[in-house]
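**Student:** Handing you this structure, nothing more for now.
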Amino acid sequence: MRFGVVVFPGSNCDHDAWYALSHNLGQQAEFIWHDSSSVGNVDAVILPGGFSYGDYLRCGAIAKFSPVMAAVKKFADEGGLVAGFCNGFQILCESGLLPGALLRNRDLKFVCRPVTLRVETTHTPFTSAATRGQLLRMPVAHGDGCYFADERTLDMLEKEDRVVVRYMDNPNGSLRDIAGICNERRNVMGMMPHPERAADSLMGSEDGRVILESMVRSLVTA
């Protein structure tokens, strides 16, 4: 499978994602620059973590205007798999590809530590290799990770089984302990924790592999 990793000015987890995909999973991975008008010939797109455009205005608020995002939206509209981790999740929300917003952490402090997540649904291409209720350990590193949406949207996400992962030890005040969600078509997913930083035993956890391996398996069986 061929993965495209989008690189924005200020991205700092692009190489982490590329390494996890190409070295840990043995898949093809290539970088897609932010001013590209196409995602190229890829099977899935990753929006990595970092501080796109310095997080000016709001996290992801400027990145959503990058030319590549029009291509990412088109790719998603055509059924392509798109995953956003950390800043990538923020960009997906700012771009309207996912509902809600990521606000300042509850304690107004940058949080950088491992957290425990619970897989809430396996009915997505991003968790198909997991089991419902499975606990995953992976790191977070963000200052704006508090997931917020109105009650109607939160109820909709719950009813439609679109809460993908939930915090067991909420580090940022996210409503209903939400750590990751997917869109209605279930082909776009955003999560604040970093699976790409938990894909190698040298990093202390390989739990993040289940997210990436689920994508590979879904693409192979599609």
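Condition check ((1) modelled with pLDDT of 95 or more; (2) touching a Gly at 6+ places or on another chain (Cβ under 9 Å)) across all residues:
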site: Val6; (1), (2): yes, yes
site: His15; (1), (2): yes, no
site: Gln27; (1), (2): yes, no
site: Phe31; (1), (2): yes, yes
site: Ser38; (1), (2): yes, no
site: Ala44; (1), (2): yes, yes
site: Tyr53; (1), (2): no, yes
site: Tyr56; (1), (2): no, no
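**Student:** Here is a further query. Restricting to helices (runs of 4 or more DSSP H) lying wholly in the range 42-161: which have 1 or more residues that are closer than 19 Å to Arg186 by Cβ and more than 15 Å from the chain's Cα centre (by Cα)? Write out each step before concluding.
**Tutor:** On the way: elements: 67-77, 87-94, 151-159.
Filter on the range 42-161 gives 67-77, 151-159.
**Student:** What number of residues in the range 165-202 are surrounded by fewer than 24 Cβ atoms within 10 Å (Cβ to Cβ), outside any loop (DSSP other than H, G, I, E, B), in contact with a strand residue (DSSP E or B) (Cβ under 8 Å, 6 or more places away or on another chain) and among the aliphatic types (A, V, I, L, M)?
**Tutor:** Counting residues in the range 165-202 that are surrounded by fewer than 24 Cβ atoms within 10 Å (Cβ to Cβ), outside any loop (DSSP other than H, G, I, E, B), in contact with a strand residue (DSSP E or B) (Cβ under 8 Å, 6 or more places away or on another chain) and among the aliphatic types (A, V, I, L, M) gives 1.
**Student:** Tell me which residues, restricted to the range 7-51, are among the acidic types (Asp, Glu), free of Cβ contacts under 8 Å to residues at least 60 places away in the same chain and closer than 21 Å to Phe89 by Cβ. Can you show your working first?
**Tutor:** Step one: of the range 7-51, the residues among the acidic types (Asp, Glu) are 14, 16, 30, 35, 43.
Still in the running and free of Cβ contacts under 8 Å to residues at least 60 places away in the same chain: 14, 30, 35.
Selection gives Asp14 alone.
**Student:** Looking at Ala130, Ala141, which is the one that is aliphatic (A, V, I, L, M), within 24 Å of Tyr56 (Cα to Cα) and in contact (Cβ under 8 Å) with a residue 24 or more places away in the chain?
**Tutor:** Details: Ala130 fails: within 24 Å of Tyr56 (Cα to Cα).
Sole residue among the options that is aliphatic (A, V, I, L, M), within 24 Å of Tyr56 (Cα to Cα) and in contact (Cβ under 8 Å) with a residue 24 or more places away in the chain: Ala141.
**Student:** I'm checking my understanding of the structure. Among residues of the range 116-160 that are of a type in the set (Lys, Arg) and surrounded by 14 or more Cβ atoms within 10 Å (Cβ to Cβ), which one is farthest from Ser174 (Cα to Cα)? Spell out the reasoning first.
**Tutor:** The first filter runs over the range 116-160 and keeps only residues of a type in the set (Lys, Arg), leaving 118, 132, 137, 152, 159.
Those still in the list that are surrounded by 14 or more Cβ atoms within 10 Å (Cβ to Cβ) too: 118, 137.
Numbers: Arg118: 14, Arg137: 18 Å.
If we take residues in the range 116-160 being of a type in the set (Lys, Arg) and surrounded by 14 or more Cβ atoms within 10 Å (Cβ to Cβ), then Arg137 is farthest from Ser174 (Cα to Cα).
**Student:** Looking for whichever is under 25 Å from Asp144 (Cα atoms) and either out of contact with any Asp or Glu (no Cβ under 7 Å at 6 or more places or on another chain) or of a type in the set (Phe, Trp, Tyr) (or both) here; the options are Ala70, Ala17. Which one fits? I'd like the intermediate steps shown before the answer.
**Tutor:** Details: Ala17 fails: either out of contact with any Asp or Glu (no Cβ under 7 Å at 6 or more places or on another chain) or of a type in the set (Phe, Trp, Tyr) (or both).
Going through Ala70, Ala17 in turn, just one is under 25 Å from Asp144 (Cα atoms) and either out of contact with any Asp or Glu (no Cβ under 7 Å at 6 or more places or on another chain) or of a type in the set (Phe, Trp, Tyr) (or both): Ala70.
**Student:** Can you work out which of the residues in the range 167-222 that are out of contact with any Leu (no Cβ under 7 Å at 6 or more places or on another chain) and of a type in the set (Val, Ile, Thr) is nearest to Leu108 (Cα to Cα)?
**Tutor:** Among them, the one singled out is Ile178.
**Student:** I need the full set of residues from the range 14-33 which are over 17 Å from Ile211 (Cα atoms) and more than 17 Å from the chain's Cα centre (by Cα), in order please.
**Tutor:** Glu30, Trp33
**Student:** Out of Val115, Val111, Val68, which single residue is at pLDDT 95 or above, more than 20 Å from Gly4 (Cβ to Cβ) and in contact with a His (Cβ under 7 Å, 6 or more places away or on another chain)?
**Tutor:** Values: Val115 fails: in contact with a His (Cβ under 7 Å, 6 or more places away or on another chain); Val68 fails: more than 20 Å from Gly4 (Cβ to Cβ).
None of the other options fit; the residue is Val111.
The values are calculated or read from the model by the stated rules, or taken from the named source; none is laboratory data. What you are looking at is a predicted structure, and each value in this text was computed from that prediction instead of being measured. FYI the Cβ positions are ideal-geometry reconstructions off the backbone, even for glycines, and counts take in every protein chain you see.
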